[in-house]
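The values are calculated or read from the model by the stated rules, or taken from the named source; none is laboratory data. Because the structure is a prediction, the values reported are computed rather than measured. Here the Cβ is made from the backbone with ideal geometry for all residues, glycine too, and neighbour counts use every protein chain on show. For accessibility, only protein heavy atoms count, side chains too; no ligands or nucleic acids. Shrake-Rupley method; radii C 1.70, N 1.55, O 1.52, S 1.80 Å.
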Amino acid sequence: MALRKISHVSAADHQSVTAAVAAAENHTSGEIVTIVTDLSDDYNDIALSWATMIAFLALSVVAVFPDFYLGMIDRALGGWDHDWSPSEYLGLIFLFMGGKWLGTWLLLKWMPLRLMLTPKHIKMRRVRARAIDLFKVGTESKTVGRTGVLLYLSMREHRAEIVADEAIAGKVAPEVWGDAMIALIDKLREGRPGEGMAEAVRQMGVVLAEHFPKGSENPNELPDRLIEI
């Protein structure tokens with residue numbers, strides 16, 4: 001899926017997050033990667049599902065109140081009663097369903113409405129899946145000690161994920177990252193994603209420093225900069 005590059009993160013935000021990553025990595029052998037995107041999925045299947053559901057709901061309504069809809073059509077034709085044959089009636093039903101389907105699908109091309117009608121658990125799964133995909137491509141097993149960790153933010157879903165490499169996941173339970181996630185989401189809701197990511201990175205750095213303190217050799221194996229996709 002093609003995702004458009006976002007414009008919500010300023011140059012100052014980039015500098016803040018990059019500085020926070022560099023500062024955090026001064027005290028740990030862990031490597032923090034930060035990625036931000038506008039949207040993790042296009043949710044086209046959700047739009048298709050809603051359009052199909054509305055079309056069949058329309059079919060049910062017509063089946064319950066056929067005289068009402070046939071009367072509307074007759075009035076639209078000038079008030080002349082028409083003796084509808086079964087094939088004509090069936091054609092009208094399919095035309096009505098098609099119109100409802102197309103109208104709903106066109107409405108749901110407006111992404112804010114599509115996101116509003118997407119169940120929360122689906123958005124959570126899609127963001128998580130996207131974070132894992134990006135982690136596998138750019139972070140997993142990319143450090144000697146397998147100490148990479150990804151902080152991923154999906155702006156329009158207001159969701160963030162932390163995905164850790166093997167060595168970190170073996171020592172740090174997912175709930176330990178809770179404070180970092182809360183700090184990030186709180187700032188995002190205030191319209192300050194850069195500050196939220198920087199604060200999350202600082203708190204992640206505290207956790208990493210506890211479990212993976214900086215050693216005598218600590219090469220910088222992954223980029224410190226905030227990555228936009």
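One residue stands out in region 105-134 among those that are of a type outside the set (Val, Ile, Thr) and closer than 27 Å to Ala209 by Cβ: the one that is most open to solvent (accessible area, probe 1.4 Å), namely Arg128.
Of the residues Thr143, Thr147, which is modelled with pLDDT under 85 and either in contact with a Lys or Arg (Cβ under 7 Å, 6 or more places away or on another chain) or open to solvent by less than 20 Å² (accessible area, probe 1.4 Å) (or both)?
Working: Thr147 fails: modelled with pLDDT under 85.
Answer to the selection: Thr143.
Can Gly145 be described as in contact with a Leu (Cβ under 9 Å, 6 or more places away or on another chain) and farther than 17 Å from Ala20 by Cβ? In short, no.
Report the residue count in region 182-226 for those that are of a type outside the set (D, E, K, R), more than 21 Å from Ser29 (Cα to Cα) and out of contact with any helix residue (DSSP H, G or I) (no Cβ under 6 Å at 6 or more places or on another chain). If you could, list the steps in order and put the result at the bottom.
Quick first cut of region 182-226, residues of a type outside the set (D, E, K, R) only: 182-185, 188, 191, 193-194, 196-198, 200-201, 203-209, 211-213, 215-216, 218-220, 222-223, 226.
If we keep only those that are more than 21 Å from Ser29 (Cα to Cα) as well, we get 182-185, 188, 191, 193-194, 196.
Now drop any that are not out of contact with any helix residue (DSSP H, G or I) (no Cβ under 6 Å at 6 or more places or on another chain), which leaves 182, 185, 191, 193.
Result for region 182-226: 4.
Here is a yes/no grid of residues against (1) in a helix (DSSP H, G or I); (2) farther than 28 Å from Met111 by Cβ:
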| site | (1), (2) |
| --- | --- |
| Ala160 | no, no |
| Asp179 | yes, yes |
| Ala183 | yes, no |
| Leu188 | yes, no |
| Ala198 | yes, no |
| Gln203 | yes, yes |
| Val207 | yes, yes |
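Could we say that Glu166 is surrounded by fewer than 15 Cβ atoms within 10 Å (Cβ to Cβ) and over 20 Å from the mean Cα position of the chain (by Cα) here? For Glu166, the condition - surrounded by fewer than 15 Cβ atoms within 10 Å (Cβ to Cβ) and over 20 Å from the mean Cα position of the chain (by Cα) - is met. Scanning region 114-125 for residues that are assigned to a helix (DSSP H, G or I) and closer than 16 Å to Thr52 by Cα yields a count of 1.
Considering (1) at pLDDT 80 or above; (2) farther than 30 Å from Ile132 by Cα, the lone condition that Met72 does not fulfil carries the number (1).
One residue alone among Thr104, Thr139 is within 30 Å of Ala55 (Cα to Cα), of a type in the set (S, T, N, Q) and either in contact (Cβ under 8 Å) with a residue 24 or more places away in the chain or touching a strand residue (DSSP E or B) at 6+ places or on another chain (Cβ under 9 Å) (or both), and that residue is Thr104.
Out of Val137, Val207, report the one residue that is among the aliphatic types (A, V, I, L, M) and either on the phi > 0 side of the Ramachandran plot or surrounded by fewer than 17 Cβ atoms within 10 Å (Cβ to Cβ) (or both). Working first, answer last.
Details: Val207 fails: either on the phi > 0 side of the Ramachandran plot or surrounded by fewer than 17 Cβ atoms within 10 Å (Cβ to Cβ) (or both).
Exactly one residue qualifies, and that residue is Val137.
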